[in-house]
Amino acid sequence: FTTLLLTVVGLVDEEQFMYFDSNTKKAVPKTEWIRQNVGADYWDTQTQTDIGQHQNFKNNIQVAKQRFNQTTGVHTFQLMYGCEWDDQTGATSGFRQYGYDGEGFLFLDLKEMRYISPVQQGFPTAQKWNNNRVLIETDKQYFSTECIEWLQKYVQYGKSSLQKTGQILSSSENIKI
């Protein structure tokens, strides 16, 4: 019997503003500033996105278990991604990194616009994703535009309570089996 649990948290300047887990299957606000500034459509969209991520993670963890030659035990597959924006200089950056059982598995090098794996088990995924130019262009667009636009909105919404660092960790997603 295998249980796949997914937890998603959204952070801005180290303050958690949203939460989702695969038990409740519902994204919920965790701060007053997000509650007051986004409507039901936002939460419905976030919920559907996270439910989709749960299915992706089910597939990803099965692939990782096979590559690491593991059939039993509790394992963690993690995705962290986000962006940073300096409101003084306008400089922006982003990141996407995957981990398996607490170790680096795969990360996106935004300067080179390619995925890199520090472990042999991640090489096939890196090669597959690097050959998918649509995926790479989508990532580039997300981190250069969409992520920054949302970060700027979140900073504006929470300006009275957020630390002034201009960083967003859009999501930290963990799945355990």
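A few points about this structure:
- Where residue 89 falls short, out of the listed (1) under 22 Å from residue 148 (Cα atoms); (2) surrounded by 16 or more Cβ atoms within 10 Å (Cβ to Cβ); (3) not hydrophobic (A, V, I, L, M, F, W, C): (2)
- Considering each residue of region 19-32 in turn, none proves to be out of contact with any His (no Cβ under 7 Å at 6 or more places or on another chain), surrounded by 19 or more Cβ atoms within 10 Å (Cβ to Cβ) and basic (Lys, Arg).
- Taken over region 44-82, the criterion of being of a type in the set (D, E, K, R) and either out of contact with any Pro (no Cβ under 9 Å at 6 or more places or on another chain) or in a loop (DSSP other than H, G, I, E, B) (or both) is satisfied by 44, 50, 58, 65.
- Of all residues in region 1-43, those satisfying the criterion of being under 18 Å from residue 156 (Cβ atoms), part of a helix (DSSP H, G or I) and not β-branched (Val, Ile, Thr) are 32, 33, 35, 36, 37, 42.
- Test: residue 63 is touching a helix residue (DSSP H, G or I) at 6+ places or on another chain (Cβ under 8 Å) and either among the hydrophobic types (A, V, I, L, M, F, W, C) or surrounded by 16 or more Cβ atoms within 10 Å (Cβ to Cβ) (or both): yes
- Taking (1) without any contact (Cβ under 8 Å) to a residue 60 or more places away in the chain; (2) buried (at least 18 other Cβ atoms within 10 Å of the Cβ); (3) closer than 24 Å to residue 75 by Cβ in turn, residue 46 satisfies each apart from (3).
- Each residue in region 121-162 was checked for being in a loop (DSSP other than H, G, I, E, B), modelled with pLDDT under 95 and out of contact with any helix residue (DSSP H, G or I) (no Cβ under 7 Å at 6 or more places or on another chain), and 2 of them qualify.
- Matching option when the condition is buried (at least 17 other Cβ atoms within 10 Å of the Cβ), closer than 29 Å to residue 25 by Cα and either modelled with pLDDT of 95 or more or not hydrophobic (A, V, I, L, M, F, W, C) (or both), among 106, 79: 106
The values are calculated or read from the model by the stated rules, or taken from the named source; none is laboratory data. Here the structure is a predicted model, which is why all the values come from computation and not from measurement. No Cβ is skipped: glycine too gets one built from the backbone with ideal geometry, and neighbour counts run over all protein chains shown.
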